[in-house]
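The structure appears right after this line, and notes come after that.
The values are calculated or read from the model by the stated rules, or taken from the named source; none is laboratory data. This one's a predicted model, so the numbers in the text were calculated from it and none came from an experiment. Cβ coordinates were reconstructed from backbone atoms using ideal geometry, including for glycine residues, and neighbour counts include every protein chain displayed.
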Amino acid sequence: MRLRLMAAAVLASACVTTTWRYQRIEGEVASIHPDLWYEIECTGKEPLRGDGGCAAALAPAVSCETRPELCAQLPGGGTSVACTGLEPLLSFVQLSDVKLREHAVLVTDESSTGLPKALDQQYRNDDAVLLATVLGINQLGSSGAPLGTCPALSAPQFVIHTGNSVELGLFSELTQFIGGMNELVIPWFNVVGPNDVAFLGARPNERVSGANAVVPFAPIADVDRFMRFHSQKGAKKDVSLPNPDQRTADKGPNKTGCRLQPNGLCNPDPRYPRSLFHGFDVNCVKAGKGLTQLEADLDTLCSTARGYYAFTVPSPRPEISFRVVVLNSAESVLDDGASGGREGRMLQEQLRWLQRELDALPSGTFALVFGHHPLSGLGDSVREPLTDLLSGRPRVLGYFHGGEGDSFRLHARDAGVGLAEVGTGALLDFPQLGREVEVLRAADGSLSVRVASFSQGPASRALPDPAPLQPLGGNCERLNDGTSFCRKLSYRAGRGFEASRQLSADAGLSPENANGLFLAWTPEGAAR
């Protein structure tokens, strides 16, 4: 029997009728059960020990033999790119639409009697899919094997997630997302998607008749609460947010800008950008010694935080750097409850900010722009001016988005090579892949971008039977039943991926992915 949750708070416009109900399954516990953090911590520690089987099984499968398209020109990528001799300048991982789902809560109409088996398995194991992928990302760049005539994949400098961290817009889902992502050994940054800031995904808050506001089933509801919860400091300053003790602590790679070593050391390095709020605070006023005003005053997010931001990453060449520009395409433009849906929206203030950012790019600095929505998914008032802004500046190497599945488009420019628009699919829903993106330099100074999709170990091959787990100490001792935590993780992740594959097959989705090289910028006078 399912029990409807008692509404502790009724959202605005309660007179609006709806058949949707927010329900809880009797006997279920919240996804953020007390042992969750111990399981994440222990599973995350195991591959770092370097004991063979677990780390090898979680390493992503990326090769010309398994994925020949990685070593070829990306279809529709314009001018042909010669791969030999390319020099890596920047490397990062893009994930999108993780959409963790609170499995103890259903959103259903009155005719629903239950979930399909595959969907139920997907919901119950989605956090394992995320964590297995995170641990796979930690292995990227370790093989050193070249991709055909192309350079080997580099170790990524950061991870960026292009929106929709959660499915229903609940803090229990966001808590799981942050806990899993914090097991990365490099910094990670987030982008606002419509599910992150509107209760029940894309449905506007005003169209929901009631919502339970009891921890952990509190709705996120708006971008300010979403941003503040990305740091313990923000959560502790906002009494309306769930207790921050229910989530893991802020981790070193994000706070100091570094790559966490197996020995636990995390030395600051300018190649690894840092942010206390996973990007949302980088536009805050600096307070000296590299600290933001937030870090200096132990305060919450500054008033200028709007969900869009930008930061600079250096390259091995001192004359070249990269400006990472993150947009918020899920801004609340209309608050009358009459609109909503999945159309991307931005205030004109954000477009003016973007223009200032792009106009201020120093010589030798190239921009990579990120947002959740594809350009075609933006409202009429935003799509054309944004496309014009990006395509009118040759040093914008590409626009990278989620929300649509793997895709590649080349928009015409008045001068130089076309503007690349690159989409990545949902990590869990379809096609269950992450993506490493690299900027590579040729001898003539031209820049190309390589897009390489990967799947983590449990999704692509069987995990070998590991030796019994050796004690890790601390909280891991109480969970030790003689079975490797990594093995448990692979089984759960495997079930989640298999359920996703079944649902994708039932929906008739194509497994094709946009991978390969494309030319992004050519200096004046280069022979191309």
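Under the condition of being under 30 Å from Leu265 (Cα atoms) and assigned to a loop (DSSP other than H, G, I, E, B), the residues counted in segment 164-199 number 8.
For the structure I just gave you, tell me whether Ala211 is out of contact with any Leu (no Cβ under 7 Å at 6 or more places or on another chain), small (Gly, Ala, Ser) and modelled with pLDDT under 95. Criteria not met by Ala211. Would you be able to say whether some residue in segment 129-146 is assigned to a loop (DSSP other than H, G, I, E, B), surrounded by 18 or more Cβ atoms within 10 Å (Cβ to Cβ) and either of a type in the set (Ser, Thr, Tyr) or touching a Phe, Trp or Tyr at 6+ places or on another chain (Cβ under 8 Å) (or both)? Checked segment 129-146: at least one residue is assigned to a loop (DSSP other than H, G, I, E, B), surrounded by 18 or more Cβ atoms within 10 Å (Cβ to Cβ) and either of a type in the set (Ser, Thr, Tyr) or touching a Phe, Trp or Tyr at 6+ places or on another chain (Cβ under 8 Å) (or both). For segment 121-153, a residue qualifies if it is over 15 Å from Gly434 (Cα atoms) and small (Gly, Ala, Ser), and the qualifying residues are Ser142, Ser143, Gly144, Ala145, Gly148, Ala152. Looking at Leu170, Leu200, Leu174, just one residue is on the phi > 0 side of the Ramachandran plot and in contact with a strand residue (DSSP E or B) (Cβ under 7 Å, 6 or more places away or on another chain), and that residue is Leu200.
All of (1) at pLDDT below 90; (2) assigned to a loop (DSSP other than H, G, I, E, B); (3) surrounded by 12 or more Cβ atoms within 10 Å (Cβ to Cβ); (4) of a type outside the set (Asp, Glu) hold for His278 with one exception: (1).
Among the residues of segment 1-47, those identified as assigned to a strand (DSSP E or B), farther than 22 Å from Phe177 by Cα and either among the hydrophobic types (A, V, I, L, M, F, W, C) or at pLDDT 70 or above (or both) are Leu3, Ala9.
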